[in-house]
Structures are given as structure tokens and as C-alpha cells.
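Below: one structure, written as C-alpha cells.
Nothing in this text is a laboratory measurement; each read-out follows from the coordinates by a stated rule. Predicted model, so just to flag it, every value in this text is computed and none were measured. Here the Cβ positions follow ideal geometry from the backbone for every residue, glycine too, while neighbour counts run over all protein chains shown.
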2 protein chains.
Amino acid sequence: MLQSTRQVDAKSRYRPQLTESARPSTFEVATLDEHGAVGRAFVAGEHPLTVYVDKREILTLMTLGAAPEALVLGYLRNQRLVDSIEDIVAVQVDWDVNAASVYTKNGLINLDEKMAHRTKTTGCGSGTVFGDLMANIDDVQLPLDGRLKQSTLYALAELVRKYETIYKQAGAVHGCALASNSETGCELLYFVEDVGRHNAVDAIAGMMWLDGVDGGDKIFYTTGRLTSEMVIKAAQMGVPFLVSRSGLTQMGYEIAKQVGMTMIGRAVNKHFLLFNDPGRFVFDAAVAKASP
Amino acid sequence: MLQSTRQVDAKSRYRPQLTESARPSTFEVATLDEHGAVGRAFVAGEHPLTVYVDKREILTLMTLGAAPEALVLGYLRNQRLVDSIEDIVAVQVDWDVNAASVYTKNGLINLDEKMAHRTKTTGCGSGTVFGDLMANIDDVQLPLDGRLKQSTLYALAELVRKYETIYKQAGAVHGCALASNSETGCELLYFVEDVGRHNAVDAIAGMMWLDGVDGGDKIFYTTGRLTSEMVIKAAQMGVPFLVSRSGLTQMGYEIAKQVGMTMIGRAVNKHFLLFNDPGRFVFDAAVAKASP
């Protein structure tokens, strides 16, 4: 996990009390390979983390545990259960009991109503309250003036590749990153890996919340597929550029069009497909297509 | 989707009334590539499907829609909301309203209790009722006498590769397969692709239920990662051999050990890693390791 290096306003910003309870991310186990040879391999951690808010049990997240406090914060933010980081007093993660205890100033917003809604919405590819997410997407208007350069896209992919430490060692995780986006290129602000795509994106939302980072001039990168939920979460974070090394679903595509998000899939080794809003993309690194 | 070709006992078996409402799986959209060239690409469908049981709304699944009736049946089976296929009267999928209406003889088992449990368990990598799944895993005892040959493993991987039509065209889906396993090799019984791993495995559980297929002498194959949920579901279906082209998590590994499941990961191009219970694996296709 890469934490933000930007400490601007760090002293004046409100910050809840947080534990720092990252878990070891990989574990070594015995294997046999196709030759029958004994070996060892690393596997990614997967742990239940039950979230309690003001002592009420909310749900259990299955997570790698690399950024549990940010994950819980981002979950509450993305589910719109809490409006403002100032409403969070503390997040205490205790792996002895696999619990994250959250304390708020004013409780959660419409919790019972949202719990009831969950009935009809959970079970999507991600275990989140989908209907509730969709309900708010009509309000999202992404900034139209940003531009993403092809050279910046390539630089970002290279930066992410260097940070994928757990994936390289053990596989079985997805990575999500938030990067700055300027005339001169990009800088990796956060990078989180987790066993669930939805966890990695929630953890980044939590870090942005903590640091007061706005998504409007950023790029969101994920190694995972761009399903409806990933697009909705990126839109809620206000990020106009969404990049994936994988493919996308039709519903992800439709929502990206609706909110005006530039969506780039299959971004591997200087190849990519641009799926929406090409007007904001600058082909500054295009190479001539080889003649047949 | 490959339906079972085995029609043994088909006439005498009970079968609920089912619609056959598979949706088109891929959609074509406009793209620009890295050269700025206009093109078209296929993307995988993703659709909400709200499940009603005896007119009560249960949850919404996000699915490709290739096997919606089997998916709903398998979901109810794997969540242990219904004990027997004979308790299902009908499953009617209507995409005009994105709804699957299930009618039962005797209602669901402990629905309210399970709905309450969901609070603490949903949100895992898959949106299913994890705690409830784990509660039953202690009862699972997989058959110990089966053997899996290396040559059969290779043959299975090749069979699956041929059937991955949606993945090849559009990506963004996971495939799951159930195969027979005998002295002479294997045969693909079911193959399902979906935008969610958990949906593909549920759909196969539904097909097995419909056809009265036992898992004890079968192999379960998935293109996706072997997380706790995948291992638990394979164990509940009674399948002793679980194969993936991807990696695994520590919790998936621990549960496989607990239930006595032979687990094979990273099965790509005649390479693989055997993670548990090697005594049931027969190295009949091992090639000598090249000398350094």
C-alpha cells in the first residue's frame, strides 16, 4: 500500500482516531508442481473483518487486510452511510477478534432503511448495496475540462506495475490506484491491493476522504474489470478518467456514458481501447500503424 | 453454456417449471485504439436480476444472464434456503422487469433468521451469506477414494479452453465447469460463464440439482481465484477436486485442508501447483525436469 506523500494541510485537517492494523499480506504454503517436485508458494491473505458502527454490527468484509481502517471508512462513504469524515470519531481494528469498531458523532444515515434495501440489492458481483449506489448516480456530473494524455496513461501503467508487490508474489489480488493528472504527467497518490476489487476501491475512497483529496483532476486505475459497481464508485469519487488493464461490462459502459466518464480498458503494454468520450483524450504518443 | 448431455432418468426425475430466458451475452460498442483508429469491440452483458420467492423480494444478482434459472436455483441451494429441488414449483425469469419469480411448496428455510445473519456476513468478495456457508462446512466430508490423473487435468483444461466463447469474445467474465472423472479421462458436463465467479458456480450447483448429479466423482474447474467462498461452495457440492487457472487465498487453502479437498491452482499450459492432498493425484504425465 502506498500512502499519500502529500502532507499539505495535514495539521489543520480533521482526522479520526485510527489504529494502524495492517496484516501480513502473504503466507507461504507447501506445493507440488507438474513434475511432482516439492516447493513453496505464497498465497494472499483473506480474512473476515466484521464492521461495528456505534456497537451495532453492520456486515463482514472479506479482505486482505492491508488497509483495514481506510477500507472501513471508504465502505461507509461509498454506501453513503456517513456524509462527512468529521462525523467519524474513531476506527479501531482488532484482528484478535476480526472486528473493526467505528464510532460516529451522529450515527449512520438512514441505516435501517438502507439495511432493508440491501435485501434487494446485495449479491451483485461485489456484496455492496447496489440499488442505493444507483439511486445517487443521477446527481453525478464529472468535470468536463480535464484532459488525459496517452503518454500519461503509459506512465501510469508503468508506475502501477512497479507497485504490485502482492500480486507479483502471490497473485489472487486486485490492485487499485489513484493518480494525479497534469500537463507534465502523473504521480501515484494511493495504491491498494485486496482480494476483492470492491475493497480496493473502497480503501482508496477512504484514503481520499481522510486526506481531503478531490477526484476531479485525478485518474483511477484498476487491474480488475470495469463492472457497473466500479464505474459507479469512481463516479461517486468524482474521477473523470477510469483505466483498467481488464475488460468491461455493458452496464459499466452505459453508466460511464451517462456520467460522462472517459473509460479505458485493456490497457496493457501500450495497447488500450478507449470506450467513451474520446474528446478528452490526447493522442500524444500514437505510433503510426504498421502497414500490412 | 453447455447443458448436460446425460438424459439418464430424465423422465422419472422431478423437474420444476422453468422458463428458458437466457439473454444475449455480448454487445458491440464503439472504440478507439492506441493508434486513434475507430473500431468495434464486444463487451459482456451485466444485468440486475431481482429474485422473488413466493412474492417476497430476496435480493438482486448482477449477472450475464446466460443461465438465469439455474443461477437462481443454485443460489437458493448454496444459501441453504431450500433443502430439495422437489420443494421448488417454478422459476420464471422475465427480463422485461429484470425479475426471477420462484414459487416453492413450503417456503424458505429460516429465511428471517438468515436475512438477519446476512447483515454480518454479506460484503465478502461475493455478496453471499458467508457466515451461513461456514456454519455448515464442519459437516462436509469429501470422498477419500477418488483419484485425479495429471493427464485428465490437462484434458479438462483443454476442454474448457474450447468452450470459453464469451471470454474469448468479450472478456470480463469467469467460467466454471463441472467434469466427470474416470480411469479413462473426463467429460465436460456443464460450463457456465458469468460476470461474477459466485454466479457461475451457483448456476452449476443449480444444474446439478436439476439433474440430480452428485459431486463426489467429479472435478470442479474455475477460471477464477480460489477464495474461501469458491472452496466452500465446491465442498457443499461434494466435489473433491477443485482446479483453477488462477491463484488462491490463504483462507481458501485452509478450508480445502479442513474438508479434505485436493486443490490445484495456476493450471495453465501443463503447468500447475498442487496445494493439498497430493495422495489423490496421479502423476501419469510428468515429464522429466530439464537438468540445469
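Only the Cβ atoms of Lys and Arg (+1) and of Asp and Glu (-1) were treated as charged; on that basis the dipole of segment A:148-282 about its Cα centre amounts to roughly 480 debye. Close amide H pairs (under 5 Å, H built 1.01 Å from N) link B:VAL89 with B:TYR103, B:THR104, B:LYS105, residues at least 5 positions away or on another chain. Computed over chain A with a Gaussian network model linking Cα atoms closer than 10 Å, the most mobile of A:LYS257, A:LYS233, A:LYS162 is A:LYS162. In this rough spin-label picture, where each label sits 7 Å from Cα along the Cβ direction, the A:ASP96-A:GLU158 distance is 4.8 nm.
Excluding same-chain neighbours fewer than eight residues apart, the aspartates and glutamates reachable from A:LYS168 by a Cα-Cα span under 17 Å are A:GLU28, A:GLU46, A:GLU158, A:GLU193, A:ASP194. Here the extension length gained between B:GLN169 and B:GLU187 equals 4.1 nm, from 0.36 nm per residue of separation less the Cα-Cα distance.
Ordering B:GLU229, A:GLU164, A:GLU34 by the number of other Cβ atoms within 10 Å of each residue's own Cβ, fewest first, gives A:GLU164, A:GLU34, B:GLU229. Inter-label distance, B:SER21 to A:ASP139: 3.2 nm, where each label sits 7 Å from its Cα along the C-beta direction. Working note: Karplus 6.51/-1.76/1.60 with θ = phi - 60° gives segment B:23-31 the couplings 9, x, 8, 10, 9, 9, 10, 7, 9 Hz, where Gly and Pro are set to x.
Checking the table A:LYS233/A:LYS257; B:LYS233/B:LYS257; B:LYS162/B:LYS233 against a 19 Å threshold on Cα-Cα, which pairs fail?
Working: A:LYS233/A:LYS257 14 Å; B:LYS233/B:LYS257 14 Å; B:LYS162/B:LYS233 25 Å.
Check vs 19 Å cut-off fails for B:LYS162/B:LYS233.
For B:ARG23, inter-copy separations between label points set 7 Å beyond Cα along the Cβ vector come to 3.4 nm, shortest first. Taking each of A:LYS105/A:LYS218; B:LYS149/B:LYS218; B:LYS55/B:LYS105 in turn, the alpha-carbon distance tops 20 angstrom for A:LYS105/A:LYS218. When each of B:ILE88, A:ILE85, A:ILE109 is scored by the number of other beta-carbon atoms lying within 10 Å, the sequence from fewest to most is A:ILE109, A:ILE85, B:ILE88. The phi torsions of segment A:99-109, fed into the Karplus equation with coefficients 6.51, -1.76 and 1.60 and a -60° offset, translate into couplings of 10, 10, 9, 9, 10, 10, 6, 10, x, 8, 7 Hz, rounded to whole numbers, with Gly and Pro shown as x.
Can you sort B:CYS176, B:CYS186 by how many other beta carbons sit within 10 Å, fewest first? Display every interim value, and only then the final one.
On the way: B:CYS176 28, B:CYS186 22.
Starting with the residue having the fewest Cβ neighbours, the order is B:CYS186, B:CYS176.
B:GLU57 label point (Cα plus 7 Å toward Cβ) to equivalent points in the other copies: 2.5 nm, shortest first. Gyration tensor over the Cα atoms of chain A: the corresponding equivalent ellipsoid has semi-axes (square roots of 5 times the eigenvalues, largest first) of 30, 26, 19 Å.
Can you name the helices of chain A, as whole DSSP H runs, whose Cα span along the helix axis is 18 Å or more and whose Kyte-Doolittle mean is not below -0.5? Each step should come with its number before you reach the end.
On the way: long enough: A:150-163 (20 Å, -0.02); A:197-211 (22 Å, 0.15).
Correct list, ordered by number: A:150-163, A:197-211.
Each Lys and Arg contributes +1 and each Asp and Glu -1, all at the Cβ; summed about the Cα centre of chain B, the dipole is approximately 620 debye. Mean residue ellipticity, 222 nm, helices only, chain A: the sum of -39500 (n - 2.57) across DSSP H runs of n ≥ 4, divided by residue count and rounded to 500, is -8500 deg cm²/dmol.
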